[in-house]
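Chemist: Questions regarding the structure given below will be posed in turn.
We did not get these values from a lab; they are worked out from the coordinates using the rules stated. On a predicted model such as this, the values are computed, not experimentally measured, just so you know. Because the Cβ atoms are built from the backbone with ideal geometry, glycine has one as well, and the counts that use them run over all protein chains shown.
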Amino acid sequence: MKLPSLSFHDLNFQQRLVAGIAVLMAVTTLSLGIAGNELAKNFLLIRFDDRMDFLAKYLAANSELGILLGDKAMLKRLASNLLAEKDVVEVKIKDAKSQILASVRDKTRCASTRKASAPVMLTTASENLVFGRGEKGKKVIGMVEISYVTTSIDELTTKLRERYLLLTSLIFFAGILFFLFFTRSLMAPLEHLIKAAQKVAEGDLEVRLEKGSLPETRKLASAFNTMTQALKESRLDLEETYQKLIQEQALAEVGHFAVTVAHEVKNPLGIIKGALDILRKKEVEDEVRATMISYVEDEIRRLDFLIRDFLDFSRPRPLNFSRTDLSALISHIARRMKLEWEPRKIDIKVKTGARPAVIQADEEALSRAIINIVKNACEASTEGTEVLIELVDQDASYKLVVSDQGTGIPDDQKERIFEPFFTGKSKGTGLGLTLTKKIIEAHMGQMEVKNNRPTGTKIEIVFWKMNN
């Protein structure tokens, strides 16, 4: 199982603060530990080197007689005695010609070594040399060399480092625990504030914060309680204003609706009245009579469409969803509308996939919406052009695209074409696209209108696929 990744942005205030303090303490203790360990080690090495220099000088002072007598056994004993010193691994005593007179070595130690040396001088010079009062110009009769290791220094510094790490770890964890306890007093009021803010976001304006023990938390609680009280009062004022606004808007809509109905009904009634006036005349020819009757029928049909649009807009019927093949529905609509628009030489073309495009839809309502879109595209097209209906199969959806080759939609009208009663035509209620969009949205579809450059309009509708 893959664990969720945790980033710095996922940490809350307390966690970030503790993490920052932990990093700061870790870096500080680590830096001080390394610096202190190096200082201690360097100090011990200096003192250790001084001790080895003293031992070399001491051996040089005792080796004078052995070198003068050429007593190698004596010199070897002196060297062996010095080899017993801890950390000394090799001792060499040489004459003035650098010939080795005595050499002893501890073969069990193979670590890298450091060296200390001292000249073997005549008695007076050697005594002064041991006690730091050497005189220039004294005769050197030999040389003592001591090779030694710093094992004891390394062991000591290792122990110091381990104890330092142990001590700093204890201090570190104690500090973190103390800091967690300390920050808890800061986080508790913030957590209460978050919970209270969530309740306010859910609509509960009666929530109040309790004042904490810190001056800052008391101020915070007081400010929050004042804010919620002000929000409560503002909500009451807003609800009252909103109710008034709804009433005014409803009256405005009713007025707009009445004016639109009166305007749309007035024109057909005027044509019908004019036709009836002509039909009352006895001398009317049969051809004129037939024309007037057709006018009356057309206007009555127009009034019927108008009333149906208003009823559908104000009182939409419930939709009955079922499995619908969108591809077959589009093909059926295109065949019907080709017959209607063929006389105007508007070529309706269809591009759909061979496979069924199954969605959940109310076939009657969706058919009406698509017919309205294709009809608008045909009305916007000029004679001899084409309207393309294309169905694109996407990963999780189907995209229906209806493109025409008309003049396009002016930019100032593009944002308003879905508004009720808005129309760019000389005739029409301005409810067609409004009803169409409501039907598409009821099918969980997304509808977008674009200017299809260089000319024409493109309407894209996305329908989600049906899960098997």
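Chemist: Go ahead and run the numbers for FRET between residue 31 and residue 156, Cβ-Cβ distance against an R0 of 25 Å, rounding to 0.05.
Modeler: Computed FRET efficiency for residue 31 and residue 156: 0.70.
Chemist: Shifting gears a bit: Go ahead and run the numbers for FRET between residue 233 and residue 444, Cβ-Cβ distance against an R0 of 41 Å, rounding to 0.05.
Modeler: 0.55
Chemist: Can I ask one more? Normalise the Cα radius of gyration of segment 352-398 by 2.2 N^0.38 Å (N = residues in it) and let me know the number.
Modeler: 1.39
Chemist: Starting at the first residue of segment 76-92, write each ³J(HN,Hα) from the Karplus equation 6.51 cos²θ - 1.76 cosθ + 1.60 with θ = phi - 60°, in whole Hz, x for Gly and Pro.
Modeler: Karplus values, whole Hz, x for Gly and Pro: 5, 4, 4, 5, 5, 4, 6, 5, 5, 5, 5, 6, 7, 10, 7, 10, 10.
Chemist: Just want the ordering: 43, 463, from fewest to most Cβ atoms lying within 10 Å of their own Cβ.
Modeler: Arranged by neighbour count, lowest to highest, 43, 463 become 43, 463.
Chemist: Okay, moving on. Go through 55-67, 195-207, 348-360 and give me the packing order, highest mean Cβ count within 10 Å leading. Intermediate results must be reported in sequence, preceding the final value.
Modeler: Values: 55-67: 20.7, 195-207: 12.8, 348-360: 15.3.
Per-residue Cβ counts within 10 Å, averaged per peptide and sorted highest first, yield 55-67, 348-360, 195-207.
Chemist: Continuing with this model, one more query. Quick check on the exposure proxy: order 409, 146 from fewest to most C-beta atoms within 10 angstrom. The partial results should precede the final answer.
Modeler: Numbers: 409 19, 146 26.
Least to most surrounded, the residues fall as 409, 146.
Chemist: Exposure proxy check: 31, 327, 367 ranked by fewest other beta carbons within 10 Å?
Modeler: 31, 367, 327
Chemist: Let me ask something additional. Could you work out how far apart the two model spin labels at residue 176 and residue 354 are, taking each label as a point 7 Å from the Cα in the direction of the beta carbon, and quote it in nm?
Modeler: Taking the simple label geometry, residue 176 and residue 354 are separated by 6.6 nm.
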